[in-house]
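Note sheet for the following structure.
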Amino acid sequence: MSYEFTYRIGGVWEPGAAAGENQDLNPADQREVLARFQLMDEQQTRRAMDAAAAGAALWKAATPIARAAVLSRAARTLRAQQDDIAQIVSSENGKTLAEARVEVEKSADFLDFYAASARLPQGGIIADGRPGTRAMALIEPVGIVAMITPWNDPFLTPARKLGPALISGNAVLLKPARETPLAAYQLTRALVDAGLPDGVLNLVMCEHATFDKHVLADPRLAAVTFTGSTEVGLGLSRKLAGRNLRLQTEMGGKNASVVLADADLDLAVATIVGAAFGQAGQRCTATSRVIVEDPVHDAFVARLCDAVGRLRTGAGSEASTNVGPVVNRRQQAEVLSHIEGARKSGASLLQGGAPPPGADYVNGCYVAPTVLAGVTRDMPIWRDEVFGPVLAITRVASFDEAVAAVNDSVYGLSAALFTNSLRYAQRFLDAADTGQVSVNLPTSGWDVHQPFGGFKLSGSAFKEQGLEGLHFYTRVKMTAVRFDW
């Protein structure tokens, strides 16, 4: 099935004008072209920036209650169209329909949550020592925000950023990944149809050099929020160095789950399998390392391999599928290269390691769910983010050794512990050097009202989600009025 895709520039939907055709391909079957599109040219990109400048002034003047009404209407639209949008997300990303439906539902939740925040107190009166003077803190939008979003959660990630950005009164240039433009188009369409004024949300895609020149280098730009690889995020930081603008980065992860000797192994196995292989492992919060205490190592690995062996790999549109394809051929080749490198380093391949056999998989970007054991901390598979359905297992002798292994990473996004010990649970919450820590729960799966973000090379200091997520998109203006003289 072929879908329409156009850009939103100011109040106009229009196709790209740059030379050359891009194709949005179904990762389950690369012969299926979901959309054909051209990128925007320089003139269109400049117009989008100008439209955002006009939209920022208009939207700042709107009341928070009026902004909230738009977000609430858009959320209702997303829920009404959930099945249709989920089909699009599944088709262009590869995730299962069940996963895609959850993504659309959570996106609506983000819009509703931030719409509700409009009625919370903002700013307020602050004591002033001067006679006859009243001081007030005012909360303002920062202005124009550039959003760079990835292909792995192509609907949810923009919604997670747009909710706080729009309720705060900012204008946005949304730049989605080329692999999944239709998701961003559907979300933009819902917000525009809900009454978002022209210029407040502009949907853009162009060559990197064009974006750098006409968006990132524009002095009117106030903030950049990015979700994607650590390499690209750090590159953005270097590119924007010396500029007085905000940068929020949500980057990579190498998330670890620890299984102690006293853990409920059935709970640990079921939870880790879901966290590792959901969305084909293409989540920044996916479990990619498992650290198992020696007394239960062999029993845990046996149960894990049995569970992984029962997973069904297939097209996301099929109800029986547990693990869909990865997003494209390039990602497939990269994941397989990581697996081969692990084998050459001495890891034992217990499950998967290749595309599933059979004619049904030849035209798709499949990698069978993979389990590697005997992984040591000097192997690249221990340190490098794979972003695919690959789980690396190592054994340790104690809780302290397990914590050291968890923290032995340049990343610090999420970590989990499986135990029945309250003592170890509390110690782990304090000792894990990650932005999210859980006990007897997956490394993934945080709710919209809970702050989200990592430490170290997993992200910047600005959190996303919850009320914390508003801080990146707002500034505080301190005011004082002398009224008695």
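Observations on the model:
- Taking Lys95, Lys213 and counting other C-beta atoms within 10 Å, the order from fewest to most: Lys213, Lys95
- Value of [θ]222 nm, deg cm²/dmol, for the chain, DSSP H segments ≥ 4, -39500 (n - 2.57) each, nearest 500: -11000 deg cm²/dmol
- Mean separation of Cα contacts under 8 Å, 6 or more apart, over the residue count of region 255-447: relative contact order %: 30
- Under a model in which nothing but the beta-carbon of Lys, Arg (+1) and Asp, Glu (-1) is charged, region 255-447 shows a dipole of about 460 debye around its Cα centre.
- Each 10 Å bin from 0 upward holds the following percent of the Cα-Cα pairs of region 255-447: 10, 40, 36, 13, 2, 0.
- Region 290-305 and region 142-218 have Cα centres spaced 44 Å apart.
- Placing unit charges on the Cβ atoms only, positive for Lys and Arg and negative for Asp and Glu, gives region 185-257 a dipole magnitude near 280 debye about its Cα centre.
- Using a simple spin-label model with pseudo-atoms 7 Å out from Cα toward Cβ, Asp400 and Asp447 lie 3.8 nm apart.
- Dipole of the chain, positive direction: furthest Cα of Ser421, Ile139, His471, with charges on the beta-carbon: Ile139
- Fewest-first sequence of Val172, Val258 by Cβ atoms within 10 Å of each Cβ: Val258, Val172
- Fewest-first sequence of Asp400, Asp29 by Cβ atoms within 10 Å of each Cβ: Asp400, Asp29
- Our compactness index for the chain, the C-alpha radius of gyration over the empirical 2.2 N^0.38 Å, is 1.02.
- Here the chain carries DSSP beta bridges of which approximately 40% are antiparallel, counting only pairs with both residues inside.
- The protection proxy used here, the mean number of other Cβ atoms lying within 10 Å of each residue, ranks peptides 160-166, 99-105, 55-61 as follows, highest first: 160-166, 99-105, 55-61.
- Simple Cβ-charge dipole of the chain, Lys/Arg +1 and Asp/Glu -1, about Cα centre, in debye nearest 20: 1380
- Computed FRET value (nearest 0.05) for Ala61 with Phe483, which takes r as the C-beta separation and R₀ as 22 Å: 0.30
- Kyte-Doolittle mean at least -0.5, axial Cα span of 27 Å or more - DSSP H helices of the chain: 42-61, 97-116
- Over 15 Å [Cα-Cα, region 438-485], rounded percent: 64
- Using θ = phi - 60° in the Karplus curve 6.51 cos²θ - 1.76 cosθ + 1.60, the 3J(HN,Hα) couplings for region 6-19 round to 9, 8, 10, 10, x, x, 10, 9, 8, x, x, 10, 6, 5 Hz; x is entered for Gly and Pro.
- Filter on Lys175/Lys477; Lys95/Lys213; Lys175/Lys456; Lys254/Lys344 - keep pairs with C-alpha separation over 32 Å: Lys95/Lys213
- Estimated at 0.36 nm per residue, the fully extended path between His208 and Glu4 surpasses their Cα-Cα distance by 71.1 nm.
- Note on Leu240 and Ile126: the model spin-label points, each 7 Å out from Cα along the C-beta direction, lie 2.5 nm apart.
Where a number appears in this text, it was derived from the coordinates with a stated rule and is not lab data. Model, not experiment: these values are computed from the prediction. Note that each Cβ is placed from the backbone with ideal geometry, even for glycine, and that neighbours are counted across all protein chains shown.
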